[in-house]
Amino acid sequence: MYGRRAETARWVFTFPFGAPQHVTVRALTTDGGVFAQQDNALIWTRVGGTPPCPGPITTPPIKLLMDGS
């Protein structure tokens, strides 16, 4: 999995070896403790390609909910 910051509060992740059905998202404190955590089921949709070459897939954004959100 590869991640990159897309905007101040938005990250984009790439899964080169298949599309997982679930992910766990965590926000960590500066000392490595878990500030917030949630498990998410992913619903994938094909966004291009043709029958012989299926093309890329995407999933709706995940919003990590933290206290005060």
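Taking the Cβ of Phe13 as the center, what net charge do the other residues with Cβ under 12 Å away carry, scoring Lys and Arg +1 and Asp and Glu -1? Charge balance in the 12 Å sphere: +3. Remark: the Cα gyration tensor places the chain in the prolate category, a/c being 1.5 or greater and a/b exceeding b/c.
Who wins for biggest fluctuation among Thr24, Thr50, Thr14 in a Gaussian network model of the chain, springs between alpha carbons below 10 Å? Evaluated over the chain, the most mobile residue of the options is Thr50. Taking θ as phi - 60° and the Karplus parameters 6.51, -1.76 and 1.60, the scalar couplings of the stretch 47-54 work out to 10, x, x, 9, x, x, 10, x Hz in sequence order, x denoting glycine and proline. With R₀ fixed at 35 Å, the C-beta to C-beta distance from Asp31 to Thr58 puts the FRET efficiency at about 0.55. Phi angles across the stretch 60-66 convert, under the Karplus curve 6.51 cos²θ - 1.76 cosθ + 1.60 with θ = phi - 60°, into 3J(HN,Hα) values of x, x, 10, 10, 7, 8, 10 Hz, Gly and Pro given as x.
The numbers here are math on the coordinates, done by the rules we state, and not lab data. Everything quoted here is computed from the prediction, not taken from an experiment. So basically every Cβ, Gly included, is an ideal-geometry build from the backbone, and we count neighbours across all protein chains shown.
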